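Q: My structure is below; once you've seen it, I'll send some questions.
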Amino acid sequence: MDLSSINHWAVWLCAALNLFLGAIWYSPALFFDSWKRANGLQDSDFEGVNFGKLYTLSFVMGLVISYNMAMFLGGAETDWLWGLTAGFLTGFGWCAMIFGVVALFELKSRAYIFINGGYIVVYFSLVGLILGLWR
């Protein structure tokens, strides 16, 4: 793989999108309360959490995800439509499905699976779209 075909700015944007989309998806305006219930969490469980470390590690993981997707989408034929399609297929067909399998064996609720699985699908779709658009 020729790494010169990767737009590193787009990859870093996609890594930041991990945090931005997560802040929206798991906000009180969308799924925060349902997500807490599905996980059996209370507000007090978040006291003492090192959010700097949490966000830093999440960003680094987002970089790994984004560079991985950029390598798969590095071909000259990649455009926004193929990026979006590949992102959706990755998010839905692989990531959300294996997440769902693990969650089923952990006896997690449907709400837990759909909230987190939905985030996975939307995130990967947007990563593919951005990487396909910003070449």
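Q: Does residue 25 count as surrounded by 15 or more Cβ atoms within 10 Å (Cβ to Cβ), within 25 Å of residue 108 (Cβ to Cβ), of a type outside the set (Asp, Glu) and touching a residue at least 12 places away in the same chain (Cβ under 8 Å)?
A: yes
Q: Of all residues in the range 28-55, which are under 30 Å from residue 132 (Cβ atoms), free of Cβ contacts under 8 Å to residues at least 40 places away in the same chain and either touching a strand residue (DSSP E or B) at 6+ places or on another chain (Cβ under 7 Å) or in a helix (DSSP H, G or I) (or both)?
A: Those that are under 30 Å from residue 132 (Cβ atoms), free of Cβ contacts under 8 Å to residues at least 40 places away in the same chain and either touching a strand residue (DSSP E or B) at 6+ places or on another chain (Cβ under 7 Å) or in a helix (DSSP H, G or I) (or both): 54, 55.
Q: Filtering the range 93-132 down to residues that are touching a residue at least 60 places away in the same chain (Cβ under 8 Å) and aliphatic (A, V, I, L, M), which residue is nearest to residue 64 (Cα to Cα)?
A: 127
Q: OK, next. Determine which single condition residue 46 fails, assuming it passes every other condition in (1) over 14 Å from the mean Cα position of the chain (by Cα); (2) under 30 Å from residue 9 (Cβ atoms).
A: Unmet for residue 46, out of (1) over 14 Å from the mean Cα position of the chain (by Cα); (2) under 30 Å from residue 9 (Cβ atoms): (2).
Quick note: the coordinates plus some simple rules give every number you see, no bench work behind them. Computed from a predicted structure; not experimentally measured. Cβ: placed from backbone, ideal geometry, glycine included. Neighbour counts: every protein chain shown.
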